[in-house]
Structure formats: structure tokens, C-alpha cells
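Reading through the C-alpha cells given below for one structure.
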Amino acid sequence: MKKNIHLPKLYAAGYELDTSPECFGMLRSSNEIISNSQALQTRIKDDGYIFLSAFFDCEQILTTRKVFIEELLYQNIIDTTFPLLQAKAHPEVPINSRPEIGTRSNPTLDSMIHSGSMIQLLKNILGGPIQYFEYTWYRAIPPGKGTRPHCDIVYMGRTTKNILTAWVPIGNIPLEGSGLMILEDSHRKGNILKSYLESDVDEYCIDNDNTSLNESLHRQWDGALSNNPVILQKKLGGRWLTSEFNAGDLVIFSSQTVHGSLDNLSDFIRLSVDCRYQLASEQIDERWIGKFPIGRGLLGKKWKIC
Ligand SMILES: O=C(O)CCC(=O)C(=O)O
Ligand SMILES: [Fe+2]
């Protein structure tokens, strides 16, 4: 097996990835087709994702990064002996933790992801007027494990399946810094993943035997497709694809594309946001809309006897 000699050792969910060229590669850039909506629509169908570098204005990303870092400073998660913008993790931040970045209003970010060229781009890819989820996921990933492989549909697929995710790094992310990874061709594996793709993470079972609500909720599945990205890849085929991301980059992918993130082997907190778009003509999932989306809270649960 040939090794990709320039790559460092990389891990996902605690497992060392096989970085040989058969198993690992870089996301294909779509910058050359950015103004061709037909080509973009073909690309998302073919690849399950669209990667655009330098899409956003770096100054705006920097403004957003400052807001996030300020939030994390309050929580004592940033090592203040380093330049703050680097977001070095405080030595006491627990490994694998998931600090919350509050959802304080962030007008710069909001205008980046919900207006102008971003809306036009999504319109071109989806082929018509669009709407977006008001809920935006803010992510701060300290040193430790990244996000386990999953498809977004299990979190938001109660109405249409035709939803696109936009993943936006809020700063530069080197390979060791927990960037997004996408499993090549996984959006075409509907036959193998059928029952997974039809699942709803917020649907839970009340047993006939009087299990309490609390107990059922505690048994609830978190939506991950696998705990082991290496085994998953062997099963589904395709390479794990990623990139060294820079502030301004954008990845858009389908709700049936398997993705996760690399483990964070660096000393720095990885910052990113992800948001969702769909056609305006299609019904939207009730969990992620409105000024105060119910999200994955109790009101968003669906239960059944089983
Ligand atoms: O940023 C991550 O670690 C995961 C991102 C993700 O799951 C998403 O954008 O849907
Ligand atoms: Fe996701």
C-alpha cells in the first residue's frame, strides 16, 4: 500500500486514519464553476458536496471569530497567555469537551450566511428561491475527538430531504486542527444506509413495559452512523476527503452525505459554524425555525410505543 508521505498521522473518533491515496484525499475545489448554476447542480449531484475556497470576506470571518472568542473567554476556555485570536485551549479545558458558544446576536455572521452572495449561491445550487433554518450551529472543538460520522438528514429530515448544509470555518484550520471530512460518494449509498437515512434522532420509544419518559430519553441515540470512521469507510468504500481550511472557505453538502470531523491534535480550539438551506417551496422542519427554535429539546421529540 502506497503511503501519502506528506501527511501527518491523522485520527478521527480516536482511530488512526489510513492516509494512503486509496483511502484518503483532498476535497475537490469547485471555484472554477462558481458562476455556472447548471455546473453547480451537476457537481452536488455527482460529488455530494461543493468546496469553495475564499468565498467569504476574511475580515468578516475575523469579526465573527472575535465574537466567538469573547464568548469563550467568559467561560475560561481560552489560554490568555497566548494571542487571543489563536484560541489556544486553556490547559484545564477537558479533552473531548464541547463548550457552547452562546447564540448571542452576531450581525456580521448573520449577513454572511443569510444574505447576498450566499443566498444567490444556494439559489443557484438548489435551482429556485430558497429559505434557511434560523438555527445556526456554532462549534468550538477543543483538543480531542472530532465529530463522529453522520448524515444531517437524521436531525432535520421530517419534511423534505432536499436540504443543504453549509460548513464555514471561522479561522484557518490545519489538517491536525479538526477540519470537516466527507466520505467520498457516500451520498449515493442510500441502498446500504436506507434504515439509517430514514431514522429521526428525536423519535424515541416508550416501551410497553412502563419505561419512564426520562429513562427513554436517556437511552436516546445521538445520530452517529458509526463510532469508527475507519471501519465505516471499509464498509461503504470511498476515501475520506478533507482540506487544510482557510478563513473564507465554504463547504456545502447534501443531507445524505456522510461527514464528520478529524480529531483535534492541536492545542487550539477549532471554530466553525454550520447552517441549512432548502427550497422555499418545500415545507421546513419545525425544530429549526422561528426566533427561538425548539431544536432537540423536549418539544421537538416524537415518541412511539415500541
Ligand atoms: O464541524 C463539525 O465537527 C461537524 C460539522 C457537521 O456535522 C455539519 O456541519 O453538519
Ligand atoms: Fe453534520
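The values are calculated or read from the model by the stated rules, or taken from the named source; none is laboratory data. Note that the structure is predicted; figures quoted are calculated from it, not measured. Every residue, glycine as well, gets a Cβ built from its backbone with ideal geometry; the counts of neighbours run over all protein chains shown.
Looking at (1) at pLDDT 95 or above; (2) of a type outside the set (A, V, I, L, M, F, W, C); (3) more than 15 Å from ligand 2 (Cβ to nearest atom), which is the one condition that is false for residue 291?
Residue 291 satisfies all of (1) at pLDDT 95 or above; (2) of a type outside the set (A, V, I, L, M, F, W, C); (3) more than 15 Å from ligand 2 (Cβ to nearest atom) except (1).
Show me the helices (runs of 4 or more DSSP H) found entirely inside the stretch 159-236 where at least 1 residues are within 16 Å of ligand 2 (Cβ to nearest atom) and modelled with pLDDT of 95 or more. Walk me through how you get there before you give the answer.
Details: elements: 194-197, 213-218, 229-236.
Hits in the stretch 159-236: 194-197, 229-236.
Determine, yes or no, whether residue 182 is among the β-branched types (Val, Ile, Thr) and touching a strand residue (DSSP E or B) at 6+ places or on another chain (Cβ under 8 Å).
yes
Considering only residues that are near ligand 1 (Cβ under 10 Å from one of its atoms) and not charged (D, E, K, R), which ones fall in the stretch 141-153?
Once the filter is applied, which keeps residues that are near ligand 1 (Cβ under 10 Å from one of its atoms) and not charged (D, E, K, R), the stretch 141-153 yields 141, 146, 147, 149, 150, 151.
Taking the residues in the stretch 154-190 that are hydroxyl-bearing (Ser, Thr, Tyr) and surrounded by 19 or more Cβ atoms within 10 Å (Cβ to Cβ) as candidates, determine which candidate is farthest from ligand 1 (Cβ to nearest atom).
186
Of everything in the stretch 129-148, what is of a type in the set (S, T, N, Q) and assigned to a strand (DSSP E or B)? Give them in sequence order. Steps first, please.
Just the residues of the stretch 129-148 that are of a type in the set (S, T, N, Q), to begin with: 131, 136, 147.
The one that is of a type in the set (S, T, N, Q) and assigned to a strand (DSSP E or B): 131.
Would you point out the residue of the stretch 261-270, among those that are buried (at least 24 other Cβ atoms within 10 Å of the Cβ) and in a strand (DSSP E or B), that is nearest to ligand 1 (Cβ to nearest atom)?
If we filter the stretch 261-270 for residues that are buried (at least 24 other Cβ atoms within 10 Å of the Cβ), which is where we start, we get 261-264, 269-270.
After this cut, where a residue has to be in a strand (DSSP E or B) as well, the list is 261, 264, 270.
Numbers: 261: 3, 264: 9, 270: 8 Å.
Restricting to residues being buried (at least 24 other Cβ atoms within 10 Å of the Cβ) and in a strand (DSSP E or B), the top hit is 261.
Looking only at residues in the stretch 243-260 that are within 14 Å of ligand 2 (Cβ to nearest atom) and part of a strand (DSSP E or B), which one is farthest from residue 142 (Cα to Cα)?
Within the stretch 243-260, the first condition is being within 14 Å of ligand 2 (Cβ to nearest atom), and the residues that meet it are 251-260.
Of the ones still in play, those that are also part of a strand (DSSP E or B) are 251-254, 259-260.
Details: 251: 21, 252: 23, 253: 24, 254: 26, 259: 19, 260: 15 Å.
Top of the filtered list is 254.
Just to be sure I understand, how many residues within the stretch 17-40 are part of a loop (DSSP other than H, G, I, E, B), crowded, with 16+ Cβ neighbours inside 10 Å and not polar (S, T, N, Q)?
Within the stretch 17-40, residues that are part of a loop (DSSP other than H, G, I, E, B), crowded, with 16+ Cβ neighbours inside 10 Å and not polar (S, T, N, Q) number 5.
Just give me the residues in the stretch 90-120 being of a type in the set (A, V, I, L, M, F, W, C) and either under 15 Å from residue 171 (Cα atoms) or in contact with a helix residue (DSSP H, G or I) (Cβ under 8 Å, 6 or more places away or on another chain) (or both), in sequence order.
101, 109, 112, 118
Residue 63 versus (1) touching a residue at least 12 places away in the same chain (Cβ under 8 Å); (2) over 24 Å from residue 98 (Cβ atoms); (3) of a type in the set (S, T, N, Q): which is the lone unmet condition?
Against the list (1) touching a residue at least 12 places away in the same chain (Cβ under 8 Å); (2) over 24 Å from residue 98 (Cβ atoms); (3) of a type in the set (S, T, N, Q), residue 63 comes up short only on (2).
Under 23 Å from residue 181 (Cα atoms) and either modelled with pLDDT under 95 or surrounded by fewer than 21 Cβ atoms within 10 Å (Cβ to Cβ) (or both): does that describe residue 99?
It is true that residue 99 is under 23 Å from residue 181 (Cα atoms) and either modelled with pLDDT under 95 or surrounded by fewer than 21 Cβ atoms within 10 Å (Cβ to Cβ) (or both).
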